[in-house]
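*Asks:* Can you keep this structure in mind? I'll have questions shortly.
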Amino acid sequence: MNDSLDNYFIIKDSVVHGKGLFSINKFSSGQTITKIEGEIINADECVKRELKGNVYIFWKEDDIYIDVVNYSIIKYINHSCDYNCDVDEDENGNLILIAAKEIEQGEELTIDYGYGEIYQNCTCSRCENKMLANKN
């Protein structure tokens, strides 16, 4: 499904944060949305890039990360505690974005970034993770 991402997504202003990634099509729960592609880097390089402000890096496994900053519109996917997408691995070992629940045409695609600092700045209205992070 990665032939031309422009056929499946649009980037526009988001109520979540800045720009967001929106679906042009409807997706069923569990359906593969896209393969996550980018530059393969190790943990040391990941840290260097994050210190320079690059936040468009996905952890794959062990010492393997995928930097999507120059490769994919997937970098526009925002965080939500009430997310509608998950990141998983397919049978070939590729990172993929899948629908965590039914996604309607025009809906913003979101994932749970899954690290503590994000919950302190999360703007969702019913964020249980934010409450837990603020107690610590």
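The numbers here are math on the coordinates, done by the rules we state, and not lab data. None of these values were measured; they are calculated from a predicted model. With ideal geometry, Cβ positions are generated from the backbone for all residues, glycine too; neighbour counts draw on all protein chains shown.
*Asks:* Please label the shape of the range 54-93 as rounded, prolate or oblate, based on the square roots a ≥ b ≥ c of the eigenvalues of the alpha-carbon gyration tensor (a/c under 1.5 means rounded; beyond that, a/b larger than b/c means prolate, else oblate).
*Replies:* Cα axes put the range 54-93 in the oblate bin.
*Asks:* Sorted by average packing, counted as other Cβ atoms within 10 angstrom per residue and highest first, what order do 68-81, 19-32 take?
*Replies:* 68-81, 19-32
*Asks:* Whole number please: convex hull volume per residue, Cα atoms of the range 1-60, in Å³.
*Replies:* Convex hull of Cα atoms, per residue: 126 Å³.
*Asks:* Subtract the Cα-Cα distance of residue 31 and residue 105 from 0.36 nm times their separation in residues, and report this length gain in nm to one decimal.
*Replies:* 25.2 nm
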